[in-house]
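Data block below; observations after.
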Amino acid sequence: MTGPMTIEFAISKLKKYISVFVILLVMIYLAIKSPQFLTADNILTVGLQMSPRAIMAIGQVCVIIAAGIDLSVGSIMALSGVITGLMLVANINIYLASMAGILLGAGCGMLNGFLIAYGKLPPFIATLGMMGIARGVALILTGGVAIFGFPDSFIAISSNRLGGIFPVPVLVTIILGVIWSILMAKTRFGRYTYAVGGNYEATRLSGVSVKNNLLWVYTFSGLLCGIAGIIEMSRLSTGQPTAGTGYELDVIAACVIGGTSLSGGSGTVLGALMGALLIGFLRNGCNLLNISNFWQQVAIGAIIVIAVFIDQLKKGNKK
């Protein structure tokens, strides 16, 4: 390798792990400013709080890699949780209730995928419509009132800790992250998803069923929203029809911060998880330092703009 190529190769590798370095820098700064930040309990609490958003980020990063977007993740999460909660208070078995919530999430995602792949609707419009529909149905089913009275076995999903230390939702997030990382890196589905996002028409002409691929991409996103909904309702101990409001911003931000290009064709599940963790640390650190939630929204919005701007600069340099 020549000198310039070696430097370019090193920079390309650095970009893949930039979110890790940023997380370390944020943690160091917050640890200096707040002694409570770098305690094991606080770190695990951040992981527990961010688990639902991190799980949805796994699905969202696959959608964005395929050059799509899913604005309905928070609403699907809420509807899945509400359905599970209604079944639980009706004394239906916890496993059947949870499975119903997950399958409902997958069904909503499949409908998104069908409208986009076969109905030719733009992803923004299809998922924006689903965002309103899912949220509206959740409010109708509950009358806008939270659901209470879940069995202890359901609440234990988020309250139990492996070995008395490690929260179960964090473990679930890690397992799902590993599964989807393998799915994207080692299977035909993953290769096709990257190809569809990189060049839709060329992938179609090469014989790939891009419509079926998109259908599965959005179905998986909905399925993960269903899982996130169950964890969120268990963590809150109530079925909130308004749960997940605004989570779309955090989930998309996690993907973008983790190095996923909104133009499609590039990104990793690990990057999305690191991005979600960074957002969790930012929110937690701001709370410890008594920084207003309004400024937290400003900071996350600014991070998204900067990340996309850097991505556009990289693309400009390649031309």
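The values are calculated or read from the model by the stated rules, or taken from the named source; none is laboratory data. These numbers come from a predicted model, not from an experiment. Using ideal geometry, Cβ is built from the backbone for each residue, glycine included, and neighbour counts are taken over all protein chains shown.
For the criterion of being in contact (Cβ under 8 Å) with a residue 12 or more places away in the chain and either exposed (fewer than 15 other Cβ atoms within 10 Å of the Cβ) or out of contact with any His (no Cβ under 7 Å at 6 or more places or on another chain) (or both), SER181 passes.
A quick yes/no check of all residues on (1) closer than 17 Å to ALA272 by Cα; (2) touching a helix residue (DSSP H, G or I) at 6+ places or on another chain (Cβ under 9 Å):
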site: GLY164; (1), (2): no, no
site: ARG191; (1), (2): no, yes
site: LEU215; (1), (2): no, yes
site: SER221; (1), (2): yes, yes
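Listed here are the residues, each with its yes/no results for (1) touching a residue at least 40 places away in the same chain (Cβ under 8 Å); (2) assigned to a helix (DSSP H, G or I); (3) under 16 Å from the mean Cα position of the chain (by Cα); (4) surrounded by fewer than 24 Cβ atoms within 10 Å (Cβ to Cβ).
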{"position": "ALA202", "(1), (2), (3), (4)": "no, yes, no, yes"}
{"position": "SER234", "(1), (2), (3), (4)": "yes, yes, no, no"}
{"position": "THR245", "(1), (2), (3), (4)": "yes, no, yes, yes"}
{"position": "THR260", "(1), (2), (3), (4)": "yes, no, yes, no"}
{"position": "GLY267", "(1), (2), (3), (4)": "yes, no, yes, no"}
{"position": "VAL298", "(1), (2), (3), (4)": "no, yes, no, yes"}
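Confirm whether LEU277 is within 18 Å of GLY177 (Cβ to Cβ), surrounded by 15 or more Cβ atoms within 10 Å (Cβ to Cβ), out of contact with any Gly (no Cβ under 7 Å at 6 or more places or on another chain) and not basic (Lys, Arg). Taking the combined requirement at face value, the residue satisfies it.
Per the listing LEU139, LEU121, the residue uniquely in a helix (DSSP H, G or I), over 20 Å from the mean Cα position of the chain (by Cα), hydrophobic (A, V, I, L, M, F, W, C) and at pLDDT 95 or above is LEU139.
Among the residues of the stretch 38-82, write down those that are surrounded by fewer than 24 Cβ atoms within 10 Å (Cβ to Cβ), part of a helix (DSSP H, G or I) and touching a helix residue (DSSP H, G or I) at 6+ places or on another chain (Cβ under 9 Å). Within the stretch 38-82, ASN42, ILE43, LEU44, THR45, VAL46, GLY47, LEU48, GLN49 meet the criteria. Can you find, within the stretch 130-148, the residue that is surrounded by the fewest Cβ atoms within 10 Å (Cβ to Cβ) among those that are small (Gly, Ala, Ser) and free of Cβ contacts under 8 Å to residues at least 40 places away in the same chain? Among those residues, the one meeting the criterion is GLY143.
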